[in-house]
Amino acid sequence: LPNFDTDRDAFPGALIAKDTAGIGGSDPTKLLRFSGGFASTLEVDDDVHVDLYGAAKDFGRKDIDVQVGIYRCGALGGCTLIDSDTREYKNADRWAQKRFHFHDAEFTIGIGEWVEVRVAVLDSSEEDAWFAFGNADYDSRIRLGDDD
């Protein structure tokens, strides 16, 4: 697993510090952001799921509470929260996948807009967290449709 935040530490993945602001914050050490636009308009009227691999910092046997939000963003209008979900990684001493659920999501991403997924570690966590993505072993992703 590559180190995605070489400016912060030498460990694999991305380290996100716990914070009271959750996904509403703006500190890049406390908020992980993924975004992407589309060549044509995207209309979603379905369940949306975010699969995310996480672990407690230093693989400690600690519980971490993670909040994920999906936003619709545009150059002129900023970002608007579509929905959010929170999951607990219990005894997170190794990489584990959690699925965050956004049921019956209805939104449109037009040309010049993009979707943004924000990840935050809530202050109720016992430790900061590492997140894994970007390779076949840790296939963190956003999915549309069934919860299979």
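Things worth noting here:
- Here Lys30 clears all of (1) surrounded by 15 or more Cβ atoms within 10 Å (Cβ to Cβ); (2) of a type outside the set (A, V, I, L, M); (3) outside any strand (DSSP E or B); (4) at pLDDT 95 or above except the condition numbered (4).
- Val66 satisfies every condition listed in (1) aliphatic (A, V, I, L, M); (2) touching a Gly at 6+ places or on another chain (Cβ under 8 Å); (3) free of Cβ contacts under 8 Å to residues at least 40 places away in the same chain except (3).
- Members of segment 58-85 that are surrounded by fewer than 19 Cβ atoms within 10 Å (Cβ to Cβ), of a type outside the set (Gly, Ala, Ser) and outside any strand (DSSP E or B): Asp58, Phe59, Arg61, Asp63, Leu76
- Of all residues in segment 138-148, those satisfying the criterion of being assigned to a loop (DSSP other than H, G, I, E, B), more than 13 Å from the chain's Cα centre (by Cα) and surrounded by fewer than 17 Cβ atoms within 10 Å (Cβ to Cβ) are Gly145, Asp146, Asp147, Asp148.
- Selected residue [under 15 Å from Ile16 (Cβ atoms) and either in contact with a Leu (Cβ under 8 Å, 6 or more places away or on another chain) or modelled with pLDDT of 90 or more (or both)] from Val66, Val44: Val66
- Scan of segment 33-50 for residues that are of a type in the set (A, V, I, L, M) and surrounded by 14 or more Cβ atoms within 10 Å (Cβ to Cβ), ordered by number: Leu42, Val44, Val48, Val50
- Residues that are in a loop (DSSP other than H, G, I, E, B) and surrounded by fewer than 19 Cβ atoms within 10 Å (Cβ to Cβ) within segment 114-137 comprise Asp123, Ser124, Glu126, Gly134, Asn135, Ala136, Asp137, listed in sequence order.
- Qualifying residues in segment 86-111 (those that are in a strand (DSSP E or B) and either without any contact (Cβ under 8 Å) to a residue 12 or more places away in the chain or acidic (Asp, Glu) (or both)) - the one least open to solvent (accessible area, probe 1.4 Å): Glu88
The values are calculated or read from the model by the stated rules, or taken from the named source; none is laboratory data. What you see is a predicted model; the values in this text were computed from it and never measured. Neighbour counts run over all protein chains shown; Cβ positions are idealised from the backbone, glycine included. Note: areas computed on protein heavy atoms with side chains; ligands, DNA, RNA excluded. Shrake-Rupley method; radii C 1.70, N 1.55, O 1.52, S 1.80 Å.
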